[in-house]
Amino acid sequence: MTAVLTFVSVRFGYLRGAPPVLEDLSFQIHPGEGAALLGPNGVGKTTVARLAMAIRSPQHGAVTTVGRPTRALGPEDLADAVGYVFQHPEMQMIERTVAAELGFGPRRMGWPQERIDKRVGAVLRELGLAAVASTHPYDLPVGHRRLVALGAALMVEPSLLILDEPTAGLDREARKTVHRVVRGQREEGTAVLAVTHDTEFAVEALERGLVLDSGSLVADGPLADLLARHRATGLSLPGPALIAHRLGWPTRSLRTEDVTVALVERCRQEGPSIS
Amino acid sequence: MALAISMLAFLLPGPRGPLLLYAVTLVAMPIAGVGRAIRQGLFICLPLWFFLFLLHGVLGGGPTFGVGPFALSRDGAELALTQAGRFGAIITVSLGFYHSFDASRFLNAAAAKRWPLHLSYLFVATLHAVPAFLARTASILEAQRARGLRFGGGPVARARAVLPLTLPLILGALAEVDERTHALDMRGVASTRLRTPLMAPKDSVLDRVVRWLLWLTVGAAVVWRMVG
Amino acid sequence: MTGVELRDVSFRYPTSAGNVLKSVTLQCRPGQITWLYGPFGAGASTVLLLAAGLAPRHTGGTMTGAVSVLGHPLDAAGLSPLLGQIGFVTATPHLQMSGIAATVWEEVAFAPANLGWPLARIEQAVEDAMTALGVAHLAGREPDTLSGGELQRTVIASMAVLEPAVWLLDEPTTALDAAGQTDAYRMFRRAARDGATVVVASEQADALADVVDRLIVLRDGEVVLDGDPMSLLAGDDIWEGGPGSTSVAGLCRDASRHVDSPRLAMPYPVTIAHALERWG
């Protein structure tokens, strides 16, 4: 299976003369994979996302996104196959209705209006926002605006979704929608790279963890393993997952849904007695 | 310095006066570390100069002299040169001021001189509004490029791509003003107390000498005009 | 009464259809961290704006009832007697930057400088605040180059430097990693211990459950629950027409719908520690 995103020995720094932010970074992401890019504040996670989207180019090494080397490209050259959601996208809405906002990209790419309308309808339904198609984006609460930004990234049916802190500051409902949508995308074969410090999101929607520290990857593997090694990564599992892990419950995954199933099972097994 | 030169530009008899002044600014800008003011100044001035010469050269009366197939008025040319020198000097030095402006140093200096805080903040914030707006524009443009917005082909194409974004940009910026004001208020911007200068403003001897010289020159020019 | 007090306060913004707050009476005591909990639109952020004296003075709108902070009633007089004693942090850190500081150090020093503090005092306070929030190593950086989390820490530090007697916080840690969140709440706890009144509006139940002393739940502009955090979070009321409790409590509650077991009975476990104890 060809990789959707490849970093090979990437070195990158913003300022000449200052130590590079990223040093010898290498990894690959394949279709259907969901990778959480984890690490402390300021370590360079957003930088990785921007390199992947050809917003910047590495000083050494190579980044190849959806099979295209990014060196000579800009983000507009990847927009037909990659959906990118920035941090605080609620600040970047520029159209007067949600439907128009979603249609912005496809219009730039020359889609016929019919196709745009159809896709807008489908995306809004998936996000549960069909009711606000004609609403002005700035009239929506921040959480819904975030979902609109996510929807905009989904319009092109991307092979790769790059998300930068998609759940920061969202309420429970909006977070659950993001989890559901990301999982759904992965099931359809979309690869997902998400910069996040929200381990709940990582556990619910992704399955691989890339841990960044001091400019390179210090860990790359299944999320459950990484997060369980709390001391090593400085990260911790969300509540239900941690409980299941500590108490050694057999679960299908560390998602809250599966932990609930495991808890119910244990209670059933115990029967009516309080052991 | 910007003020002094602007005033001198009008006081000095031309055309030699303003032209000399312009030459002075050409020298002074790189020294102050804002050489790009010259380049940007030229960008603005060249069309202006061309127009000036056209206007005065062609329409001015009096004796003419030949430039190729054209007959240009001598007086007109002199006038044009004077104006050109003035514009050049003022525009270049203003740009120099803009580029060399350091908000925090200004605030510190103002505080040391005991200016009321909200006045100096107003001044600074007005100037700062430009880069802040530009930064916001840059990030919105980036987001739209990631959605397929293209603008190859120079400043005209770029302007056309940005045009539909201007209204939302401005509205967005205005919408943010409220929240920004809240935070600033809570951090004492409206305070009537004197602001503490965070560092001693660097007012070197050279700076002071230059400043005194400039004002003396202005004073002398005023006197000269009145007398001569 | 000191601390933050709202008595029978109703408030509407110039553009709101109805009252955003409806006859709200609540009290946030000094020496405690009070948590205002409610979904978007419930009014928690508005309470903070009122307590800061920013509403209705800046925001417009009409208010009835009385707001008092540290014993000072707020009315047309507004803010001035309390300037420098209130630490106000909003959910959007980049809108809180002064925009004119060349370095993080200057950004943190901005407020005390405006208030005319002597330089020596400023220097000490800035160092303490930056250390408490883990940004001392960023002192020389340009604020524009900070990451989201570094920015949020800097914003908190730039208020902490004033050692305010009242903290009004609106989702103050959304961009922070686990370490940053711990640092921030450790600082708020210390402030409360030293007598400050700390009020935080947030929906992050998991993070706040064992950090706060008092929980006030708001819904549609009204106070629906007010009391001890642990007992409220362990009950059902907070779920029925409320914003819900922690993920651990939610786990237990969801499981209890599928099977009847004393292990899953109320009061639900609220924190991981509770759960490990009950089910381990």
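The values are calculated or read from the model by the stated rules, or taken from the named source; none is laboratory data. Predicted, not measured: the structure shown is a model, and the values here were computed from it. Because the Cβ atoms are built from the backbone with ideal geometry, glycine has one as well, and the counts that use them run over all protein chains shown. Note: accessible area is taken over every heavy atom of the protein model, side chains too, but ligands, DNA and RNA are not part of it. Shrake-Rupley method; radii C 1.70, N 1.55, O 1.52, S 1.80 Å.
Hey, any hits in region C:131-140 for a residue that's away from chain A (no Cβ under 14 Å), under 23 Å from the mean Cα position of the chain (by Cα) and either surrounded by fewer than 20 Cβ atoms within 10 Å (Cβ to Cβ) or closer than 20 Å to A:Asp198 by Cα (or both)?
Yes - at least one qualifying residue is present in region C:131-140.
Taking the stated definitions as given, is A:Ala62 open to solvent by less than 40 Å² (accessible area, probe 1.4 Å) and in a strand (DSSP E or B)? Show your work before the answer.
Numbers: open to solvent by less than 40 Å² (accessible area, probe 1.4 Å): no; in a strand (DSSP E or B): yes.
For A:Ala62, the condition - open to solvent by less than 40 Å² (accessible area, probe 1.4 Å) and in a strand (DSSP E or B) - is not met.
What residue, among those in region C:22-46 that are of a type in the set (Gly, Ala, Ser) and open to solvent by 30 Å² or more (accessible area, probe 1.4 Å), is nearest to C:Asp213 (Cα to Cα)? Steps first, answer last, please.
First pass over region C:22-46, keeping only residues of a type in the set (Gly, Ala, Ser): C:23, C:31, C:38, C:41-45.
If we keep only those that are open to solvent by 30 Å² or more (accessible area, probe 1.4 Å) too, we end up with C:23, C:31, C:41, C:45.
Values: C:Ser23: 24, C:Gly31: 9, C:Gly41: 24, C:Ser45: 19 Å.
Going through the qualifying residues, I end up with C:Gly31.
Has region C:183-191 got at least one residue that is out of contact with any strand residue (DSSP E or B) (no Cβ under 6 Å at 6 or more places or on another chain), open to solvent by less than 50 Å² (accessible area, probe 1.4 Å) and within 11 Å of another protein chain (Cβ to nearest Cβ)?
yes
Would you mind finding the one in B:Leu163, B:Leu107, B:Leu184 that is more than 8 Å from every other protein chain (Cβ to nearest Cβ), assigned to a helix (DSSP H, G or I) and either open to solvent by 20 Å² or more (accessible area, probe 1.4 Å) or at pLDDT below 75 (or both)? Full working, then the answer.
Details: B:Leu107 fails: more than 8 Å from every other protein chain (Cβ to nearest Cβ); B:Leu184 fails: more than 8 Å from every other protein chain (Cβ to nearest Cβ).
Residue meeting the stated conditions: B:Leu163.
State whether one or more residues within region A:217-225 are among the small types (Gly, Ala, Ser), within 14 Å of chain C (Cβ to nearest Cβ) and surrounded by fewer than 20 Cβ atoms within 10 Å (Cβ to Cβ).
At the first step, the residues of region A:217-225 found to be among the small types (Gly, Ala, Ser) are A:219, A:221, A:224.
This time we only want the ones that are within 14 Å of chain C (Cβ to nearest Cβ), so: none.
Looking for residues that are among the small types (Gly, Ala, Ser), within 14 Å of chain C (Cβ to nearest Cβ) and surrounded by fewer than 20 Cβ atoms within 10 Å (Cβ to Cβ), one finds none in region A:217-225, hence no.
How many residues does region C:47-78 contain that are open to solvent by 10 Å² or more (accessible area, probe 1.4 Å), more than 12 Å from every other protein chain (Cβ to nearest Cβ) and out of contact with any Lys or Arg (no Cβ under 9 Å at 6 or more places or on another chain)?
Adding up the residues that qualify gives 8.
Take the residues in region C:87-117 that are over 22 Å from C:Glu171 (Cα atoms) and more than 7 Å from every other protein chain (Cβ to nearest Cβ); name whichever of them is nearest to the chain's Cα centre (by Cα). Walk me through it before giving the result.
Narrowing region C:87-117 to residues over 22 Å from C:Glu171 (Cα atoms): C:100-103, C:105-106, C:109-110, C:112-117.
Among the residues that remain, those that are also more than 7 Å from every other protein chain (Cβ to nearest Cβ) are: C:103, C:105, C:112.
Details: C:Thr103: 26, C:Trp105: 24, C:Pro112: 22 Å.
Looking at the filtered set, the residue picked out is C:Pro112.
Would you mind listing the strands (runs of 3 or more DSSP E) fully within region A:1-40 where at least 1 residues are touching a Phe, Trp or Tyr at 6+ places or on another chain (Cβ under 9 Å), under 14 Å from A:Gly67 (Cβ atoms) and among the polar types (S, T, N, Q)? Write out each step before concluding.
Values: elements: A:5-12, A:22-29, A:34-38.
Output list reads A:5-12, A:22-29.
Kindly list, by first and then second residue, each pair from a residue in region C:153-165 that is farther than 12 Å from C:Glu127 by Cα and open to solvent by less than 10 Å² (accessible area, probe 1.4 Å) to a residue that is at pLDDT 95 or above and aromatic (Phe, Trp, Tyr), limited to pairs with Cβ atoms under 8 Å and residues at least 6 apart or on different chains.
Correct list of pairs: C:Met159/C:Trp167.
Before we move on, is A:Ala131 free of Cβ contacts under 8 Å to residues at least 12 places away in the same chain, part of a helix (DSSP H, G or I) and in contact with a Leu (Cβ under 9 Å, 6 or more places away or on another chain)? Explain how you work it out, then say what you get.
Numbers: free of Cβ contacts under 8 Å to residues at least 12 places away in the same chain: yes; part of a helix (DSSP H, G or I): yes; in contact with a Leu (Cβ under 9 Å, 6 or more places away or on another chain): yes.
The answer is yes for A:Ala131.
Select from region C:193-206 the residues that are surrounded by fewer than 20 Cβ atoms within 10 Å (Cβ to Cβ) and touching a residue at least 12 places away in the same chain (Cβ under 8 Å) and write down the one among them that is nearest to C:Leu70 (Cα to Cα). So that I can check it myself, show each step before the final result.
So the first thing to find is which residues in region C:193-206 are surrounded by fewer than 20 Cβ atoms within 10 Å (Cβ to Cβ), and the list is C:193-195, C:204, C:206.
Adding the requirement that they be touching a residue at least 12 places away in the same chain (Cβ under 8 Å) leaves C:193, C:195, C:204, C:206.
Numbers: C:Arg193: 16, C:Gly195: 11, C:Gln204: 27, C:Asp206: 30 Å.
For region C:193-206, the residue satisfying everything is C:Gly195.
Kindly check whether there is at least one residue in region A:189-212 that is within 14 Å of another protein chain (Cβ to nearest Cβ), open to solvent by 10 Å² or more (accessible area, probe 1.4 Å) and over 15 Å from the mean Cα position of the chain (by Cα).
Looking for residues that are within 14 Å of another protein chain (Cβ to nearest Cβ), open to solvent by 10 Å² or more (accessible area, probe 1.4 Å) and over 15 Å from the mean Cα position of the chain (by Cα), one finds none in region A:189-212, hence no.
What is the number of the single condition among (1) more than 10 Å from chain B (Cβ to nearest Cβ); (2) of a type outside the set (D, E, K, R); (3) in a loop (DSSP other than H, G, I, E, B); (4) in contact with a Pro (Cβ under 9 Å, 6 or more places away or on another chain) that C:Pro30 does not meet?
The one condition C:Pro30 does not meet is (4).
Here is a list: C:Pro56, C:Pro39, C:Pro30, C:Pro73. Which entry is under 17 Å from C:Asp220 (Cβ atoms) and not hydroxyl-bearing (Ser, Thr, Tyr)? Outline the logic, then answer.
Values: C:Pro56 fails: under 17 Å from C:Asp220 (Cβ atoms); C:Pro30 fails: under 17 Å from C:Asp220 (Cβ atoms); C:Pro73 fails: under 17 Å from C:Asp220 (Cβ atoms).
Checking each option against the conditions leaves just C:Pro39.
Residues are listed down the side, and each one gets a yes or a no for (1) within 24 Å of B:Arg150 (Cα to Cα); (2) more than 12 Å from every other protein chain (Cβ to nearest Cβ); (3) open to solvent by less than 60 Å² (accessible area, probe 1.4 Å):
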{"residue": "A:Val98", "(1), (2), (3)": "yes, yes, yes"}
{"residue": "A:Leu102", "(1), (2), (3)": "yes, no, yes"}
{"residue": "A:Met109", "(1), (2), (3)": "yes, no, no"}
{"residue": "A:Val120", "(1), (2), (3)": "yes, yes, yes"}
{"residue": "A:Ala133", "(1), (2), (3)": "no, yes, yes"}
{"residue": "A:Tyr138", "(1), (2), (3)": "no, no, no"}
{"residue": "A:Glu157", "(1), (2), (3)": "yes, yes, no"}
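Would you pick out the residues in region C:79-95 that are at pLDDT 85 or above and open to solvent by 50 Å² or more (accessible area, probe 1.4 Å)?
C:Gln85
Count, please, the residues in region C:254-277 that happen to be out of contact with any helix residue (DSSP H, G or I) (no Cβ under 8 Å at 6 or more places or on another chain) and charged (D, E, K, R).
Selection size over region C:254-277: 3.
Does A:Val182 satisfy being over 30 Å from A:Phe12 (Cα atoms) and at pLDDT 90 or above?
Working: over 30 Å from A:Phe12 (Cα atoms): no; at pLDDT 90 or above: yes.
The answer is no for A:Val182.
Can you name the residue in region C:227-242 that is open to solvent by 20 Å² or more (accessible area, probe 1.4 Å) and touching a Lys or Arg at 6+ places or on another chain (Cβ under 8 Å) and, of all such residues, is farthest from the other protein chains (Cβ to nearest Cβ)?
C:Asp228
Please identify the pairs in which a residue from region A:209-222 that is at positive phi has its Cβ atom under 6 Å from the Cβ atom of a residue that is open to solvent by 10 Å² or more (accessible area, probe 1.4 Å), counting only partners at least 6 apart or on another chain.
Listed by first residue and then by second, the contacts come to A:Gly215/A:Glu23.
Answer with yes or no whether C:Gln124 is touching a Ser or Thr at 6+ places or on another chain (Cβ under 9 Å) and open to solvent by 40 Å² or more (accessible area, probe 1.4 Å).
Working: touching a Ser or Thr at 6+ places or on another chain (Cβ under 9 Å): no; open to solvent by 40 Å² or more (accessible area, probe 1.4 Å): yes.
In short, no.
Within 30 Å of C:Leu70 (Cα to Cα), of a type in the set (A, V, I, L, M, F, W, C) and open to solvent by 10 Å² or more (accessible area, probe 1.4 Å): which single residue out of C:Val223, C:Val217 fits that description?
Numbers: C:Val217 fails: open to solvent by 10 Å² or more (accessible area, probe 1.4 Å).
Sole residue among the options that is within 30 Å of C:Leu70 (Cα to Cα), of a type in the set (A, V, I, L, M, F, W, C) and open to solvent by 10 Å² or more (accessible area, probe 1.4 Å): C:Val223.
For the list (1) in a loop (DSSP other than H, G, I, E, B); (2) open to solvent by less than 30 Å² (accessible area, probe 1.4 Å); (3) over 28 Å from A:His88 (Cα atoms); (4) hydroxyl-bearing (Ser, Thr, Tyr), I need the number of the one condition that A:Thr260 fails.
All conditions are met except number (1).
Can you give me the number of residues within region A:78-105 that are in contact with a Lys or Arg (Cβ under 7 Å, 6 or more places away or on another chain) and either free of Cβ contacts under 8 Å to residues at least 12 places away in the same chain or not hydrophobic (A, V, I, L, M, F, W, C) (or both)?
Adding up the residues that qualify gives 3.
For region C:243-254, state whether one or more residues are away from every other protein chain (no Cβ under 11 Å), in a loop (DSSP other than H, G, I, E, B), out of contact with any Leu (no Cβ under 9 Å at 6 or more places or on another chain) and small (Gly, Ala, Ser).
Taking region C:243-254 and keeping what is away from every other protein chain (no Cβ under 11 Å), we get none.
Checking region C:243-254: not a single residue is away from every other protein chain (no Cβ under 11 Å), in a loop (DSSP other than H, G, I, E, B), out of contact with any Leu (no Cβ under 9 Å at 6 or more places or on another chain) and small (Gly, Ala, Ser).
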